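Working notes for the structure below.
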């Protein structure tokens, strides 16, 4: 599964677990409008570290948390390389 | 209950005529020989009235030295097994140590250039004349703080032995403990054996659990004590079948329902009790109904001279069994009403108090507070889980998030995604029982969890 598909799959699963409705996942979707709250994103980052073996936000001191889903995916694609 | 005149431990041992033994891994002593004998090479008199550091390396010699010195030494400070050599000097200064008792296994630096240094042997030699006990000895135990110099906690023998009921046993008693007797939980068992006409099987650092259980079985242990972590580790060993204690005791950590149920299953006929005790608060109570937590009426009603209250969420205890003070430290051990704050957070659920965790052990998730023990208790309910550790993990989003390390009862290879199924089941248990910030974000299966020298699950607060 590609990094992008893994992320979208996990977002859908966490939304289900947390009883949230996920907005349609497009690259320009603003993460804050995605339906996941901050706890949801915290869980997402932890799960992605489990799946992809990398937590790009904690690994780098100055990593900025991305604004859109596209940015978020890019951070992982760069981190996974 | 009428109390008799204070008597020394040696005198109390002499009250019983029957022959009994203390065993460790490599040696044993017929403890009843201490009535007319000594393991201190006849030098007991030199230690009279002194502040003595017991820095023995073996538990058997520790037991012999403590029994001999009670009523003789002015103060007995017990060096715990994993004491940091950097802390020896502050302990000597703080407790005004004048003499040290060593054995062949003592830590290298423990002699400390003290003027009086006495060696304790594992053998008891007959003595024509022994000095008579003339004083109440102050017993000093060191706390197991994770950082800094340990606190020195002062007790007397009357307080230490107050929780021990004097009753006739049906048949010979062989005590065993997973604890080290140089800590409060283990010392309680040494005293129970010494006063209760019992033999005692001592633990030994580094001994594999299976060997220890085998030894306990060979000596026919009838009464066995340890922390819930000790017990979970023992339950993971097939050698658990070698013992069949009549009495099973847990203390020192929260006993959750899962460990109580597992012990009930392993020992269907045993009496199973979980005691609440700490170095500072002493033994406060024991619960024998097989349920986690304790009845709320324990707080409302004074039992055996023990008063309890819950203030700012934590359990506070006032009793003749609490320590009297910290030696050489400024902070008082009791509040102005005589209560010791245990630092253990309790919550009332129906007519029972349950332990929610330690104050200070709290994980903060985006401003919401989480006690790891509460989550572990839920995970441990899963029938395939032996034990678990919930810990914080740094999160860029919420500061922290909880993750769980889980040890399964049987560690077979993952056949057909079985582990994924168990992981899913555990998460479902958590989601059903806990608010979502307490549901672990990730679960890892691990082969074992670290148990510290104190017998408690090793936690590193991040």
Spin-label zone in segment B:196-218 - amide nitrogen under 18 Å from a point set 7 Å from the Cα of residue B:19 along the C-beta vector: B:197-201
Hull shadow area, averaged, segment B:1-95 [alpha-carbon convex hull, nm²]: 8.2
Cut-off 18 Å, label 7 Å out along Cα→Cβ of residue B:418, residues of segment B:233-272 by amide N: B:236-238
Whole-Å semi-axes of the ellipsoid equivalent to segment B:11-53 (Cα gyration tensor, √5λ, descending): 22, 15, 9
Equivalent ellipsoid dimensions for the protein assembly as shown as semi-axes, Å, which come from the Cα gyration tensor, largest first: 50, 24, 22
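Using alpha-carbon pairs under 8 Å, 6+ residues apart, how would you state the relative contact order of segment B:263-395 in percent? Kindly include the intermediate steps, with their values, before the conclusion.
Numbers: 194 pairs, mean separation 21.6, N = 133.
Dividing the mean separation by the residue count of segment B:263-395 yields 16 percent.
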Per-residue Cβ neighbour rank within 10 angstrom, fewest leading, B:100, B:407: B:407, B:100
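With r as the distance between the Cβ atoms of residue A:50 and residue B:104 and R0 = 45 Å, compute the FRET efficiency 1/(1 + (r/R0)^6) and round to 0.05.
Numbers: r = 50 Å, r/R0 = 1.11.
That gives a FRET efficiency of 0.35.
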Spacing of the two label points (7 Å from each Cα toward its C-beta) at residue B:257 and residue B:331, in nm: 3.5
Value of relative contact order over chain B, rounded to a whole percent, pairs C-alpha under 8 Å and six or more apart: 11
At 0.692 mPa s and 37 °C, Stokes D of segment A:3-80 from Kirkwood alpha-carbon radius, µm² per second: 264
Degrees separating the helix B:59-69 axis from the principal Cα axis of chain B, which is the longest one: 50
Segment B:284-324 - convex hull of alpha carbons, volume per residue in Å³: 85
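Please express the shape of segment B:126-243 as an equivalent ellipsoid: the semi-axes are the square roots of 5 times the eigenvalues of the C-alpha gyration tensor, given largest first in whole angstrom.
Values: eigenvalues 147, 92, 37 Å².
For segment B:126-243, the semi-axes come out at 27, 21, 14 Å.
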Approximate spin-label separation residue B:324-residue A:67, in nm, with each point projected 7 Å along Cα-to-Cβ: 6.9
Shielding of A:44-52 by partner chains, average beta-carbon count, 10 Å: 4
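What is the order of B:230, B:274, B:291, fewest Cβ neighbours within 10 Å to most?
Working: B:230 24, B:274 28, B:291 15.
So the ranking, lowest neighbour count to highest, is B:291, B:230, B:274.
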Angle in degrees between helix A:69-80 and the longest Cα principal axis of chain A, rounded to the nearest 10: 30
222 nm mean residue ellipticity, helices alone, for the protein assembly as shown (DSSP H n ≥ 4; -39,500 (n - 2.57); rounded to 500): -7500 deg cm²/dmol
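Once R0 is set to 25 Å, what does the formula 1/(1 + (r/R0)^6) return for the Cβ-Cβ distance between residue B:26 and residue B:128, expressed as a FRET efficiency to the nearest 0.05? Intermediate results must be reported in sequence, preceding the final value.
Values: r = 29 Å, r/R0 = 1.18.
Efficiency, rounded to the nearest 0.05: 0.25.
Mind sorting B:428, B:456, B:168 by how few other Cβ atoms lie within 10 Å of their own Cβ, fewest first? Mind showing how you got there, number by number?
On the way: B:428 13, B:456 17, B:168 5.
Ascending Cβ contact count within 10 Å gives the list B:168, B:428, B:456.
Which FRET efficiency value, to the nearest 0.05, do you get for residue B:428 and residue B:35 by plugging their Cβ-Cβ distance into 1/(1 + (r/R0)^6) with R0 = 60 Å? Before the final figure, lay out each step's value.
Working: r = 61 Å, r/R0 = 1.01.
Working from the Cβ atoms, E equals 0.50.
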Potential extension, residue B:205-residue B:381 segment - 0.36 nm per residue separation minus Cα distance: 60.3 nm
Helix axis angle, B:257-266 relative to chain B longest principal axis, alpha carbon, degrees: 70
Cα-only Debye scattering, chain B: base-10 log of I(q)/I(0) at q = 0.06, 0.13 Å⁻¹: -0.27, -1.26
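No lab work stands behind these numbers, since they all come straight from the coordinates. All figures in this text were calculated on a predicted structure; none of them were measured in a lab. Using ideal geometry, Cβ is built from the backbone for each residue, glycine included, and neighbour counts are taken over all protein chains shown.
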